[in-house]
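Student: I'd like to ask some things about the structure below.
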Amino acid sequence: MRRDEERTTLAAFLLGAFLAGGNAIGIRFSNRELEPLWGAGLRFSLAALLLLALMGALRLSPPRGRALAGVLLFGLLQFGVTFALAYYALVELHAGFGQILLALVPLLTLLLAVVEGQERLRLVALAGAGLALLGVALLSSAPLDDAPPALSVLAALGSALCFAQAAVLVRMLPPVHPVAMNALGMTIGAAALLAASALADETRDLPDRLATWVAVAYLVTLGSVAVFLLYLFVLRRWPASRAAYSFLVIPVVTVVLSVWLDDEPVGPTLLLGGLLVLGGVYVGALRPAGAEATRARVGRGAPRGRW
């Protein structure tokens, strides 16, 4: 990858992580008025409409054959199952604590990518993830003492596992423009969420509170359209395990916003935890790779095409 392309990808990585930091807060506010499956379905229905309009404006043709099947599978996994579990988990969990559990995504992505033959197991990546996870744990040491419900914790862990598998899946598929992939993926994901909401007999009303509308608007535009376009842009240029390190930057933003907007308790180790997170991200994802590692990425996991 040329130096200017690497800088562009790094900028997209950091911007996407910053914007995604507000998502768990938005979900918490949404869950206070909307049922979880209905709130998730509403969010991705509106985001899908925006992306379908953008897809039409760009005159993008929908994928066909194996590419279409892959996009639909990606949508069900990434936007259907992943966010059904995430919304359920964040009914009870504080946003910061929930994001801590989602910080397991890089480790899970790396392990799945190794098992599925995409990448080699790199000790430096494991060391970086371990360091960053220690920092994330320190960031919210107070909420860890609140004995959160076991089902909520399991749902958050399941969401992290599904997100990791979706990241690995993307790199197995034929190249699809990120707008088309997200538009069709969110459409099928929203349909699955709305169907699940109906089966669960949830109340499906529109929000009454201004705070809920603001949260939904953020989740639809910046939290869905912008974040997932940036994520797929990065994922096509970096290995899945490296792109997934955004989940170690996001908690820093989430904890700060959660303390400010949602009165989440945070221990006195905020500064130390933040430094450990940033250090782990640098060691595991942003540290300049040597020539051998670069050749390995090009040979094993390079994206097959550009948009």
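The values are calculated or read from the model by the stated rules, or taken from the named source; none is laboratory data. Just so it is clear, the structure is predicted and the values come from calculations on it, not from any experiment. Glycine also receives a Cβ, built like all others from the backbone with ideal geometry; neighbour counts cover every protein chain displayed.
Student: For the stretch 12-19, state whether one or more residues are closer than 26 Å to residue 196 by Cβ and either among the polar types (S, T, N, Q) or crowded, with 16+ Cβ neighbours inside 10 Å (or both). Don't jump to the end; show me each part of the working.
Tutor: Let us first name the residues in the stretch 12-19 that are closer than 26 Å to residue 196 by Cβ, namely none.
No, the stretch 12-19 has no match at all.
Student: Can you go through 74, 44, 29 and tell me which one is within 23 Å of residue 214 (Cβ to Cβ), within 16 Å of the chain's Cα centre (by Cα), of a type outside the set (D, E, K, R) and part of a helix (DSSP H, G or I)?
Tutor: 44
Student: Separate question: Condition first: modelled with pLDDT under 80 and more than 14 Å from the chain's Cα centre (by Cα). Now tell me which residues in the stretch 90-122 satisfy that.
Tutor: 97, 110, 111, 117, 118, 119, 120, 121, 122
Student: Here's something else I'd like to know. Inspect all residues belonging to the stretch 217-235 and state whether any of them is part of a helix (DSSP H, G or I) and either free of Cβ contacts under 8 Å to residues at least 24 places away in the same chain or out of contact with any helix residue (DSSP H, G or I) (no Cβ under 8 Å at 6 or more places or on another chain) (or both).
Tutor: There is at least one residue in the stretch 217-235 that is part of a helix (DSSP H, G or I) and either free of Cβ contacts under 8 Å to residues at least 24 places away in the same chain or out of contact with any helix residue (DSSP H, G or I) (no Cβ under 8 Å at 6 or more places or on another chain) (or both).
Student: Something else about it: Scanning the stretch 243-259 for residues that are touching a Phe, Trp or Tyr at 6+ places or on another chain (Cβ under 9 Å) and over 16 Å from residue 28 (Cα atoms), which turns out surrounded by the most Cβ atoms within 10 Å (Cβ to Cβ)?
Tutor: Here the residue is 244.
Student: Here are some residues: 83, 13. Which one is within 13 Å of the chain's Cα centre (by Cα), at pLDDT 95 or above and part of a helix (DSSP H, G or I)?
Tutor: 83
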